[in-house]
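Please read the structure below before turning to the comments.
The values are calculated or read from the model by the stated rules, or taken from the named source; none is laboratory data. Not measured: the values here are computed from a predicted model. Backbone-built Cβ (ideal geometry, glycine too); neighbour counts: all protein chains shown.
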Amino acid sequence: MRDWEFCPLCGDRLLPGDIGGLTRLCCRAACGFVHWDNPAPVLAALVDYRGRVVLARNHAWAAGAFGLITGFLERGEAPEEGVAREVREELGLAAQTVTLIGVYPFARKHELIVAYHVVADGEIRLNEELAEFRLIAPEKLKAWDFGTGLAVRDWLRRRDSAH
């Protein structure tokens, strides 16, 4: 996260102030800038590909570390469109259906995860961000205790209760 010291509008020093019951960095000059520091919306796709779940490893991650397909929501983009775009960009797959799993805080990275179950098809072609992928049978998929793992947990629970 970027540390803000000066106002991006007038260049004056930002100082802590109480805005809406929270401490925020504020410009005391006439411009009145407030650094709201709201979490960034991140989209996550639990990709269901021909009956298996796609887990991918980003080049920046350690060997053996796999996760869901994720990316930032773009300005003016509906979340459902954004998650379909991320699946297309990162895996080369076309989303057939997009269903909300849930919304999860990810305080460690100051993000808000909006997770979807995306049924997709086509030929998997990884983009430059991804090193490799795995196809996991849903019954072998295990949730992890943070971030997108919470969406995996909820999806598995719903899936198990439907069967």
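Tabulated values for the structure
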read-out: Residue that is farthest from the chain's Cα centre (by Cα), among those in region 127-163 that are assigned to a loop (DSSP other than H, G, I, E, B) and over 25 Å from ALA40 (Cα atoms); value: HIS163
read-out: Region 150-163 residues that are more than 15 Å from ILE136 (Cβ to Cβ), paired with ones that are β-branched (Val, Ile, Thr) (beta carbon under 6 Å, 6 or more apart); value: ASP154/ILE101
read-out: Pairs, first assigned by TED's automatic domain parsing to the domain that holds TRP4 and in a loop (DSSP other than H, G, I, E, B) in region 18-31, second of a type in the set (A, V, I, L, M) and loosely packed, with under 13 Cβ neighbours inside 10 Å, C-beta under 7 Å, six or more apart; value: ARG28/LEU15; CYS31/LEU9
read-out: Residue check, GLY82 in a loop (DSSP other than H, G, I, E, B), surrounded by 14 or more Cβ atoms within 10 Å (Cβ to Cβ) and of a type outside the set (A, V, I, L, M, F, W, C); value: no
read-out: LEU9 being part of a loop (DSSP other than H, G, I, E, B) and modelled with pLDDT under 95; value: yes
read-out: Test: residue in region 68-84 that is touching a residue at least 60 places away in the same chain (Cβ under 8 Å) and assigned by TED's automatic domain parsing to the domain that holds LYS142; value: yes
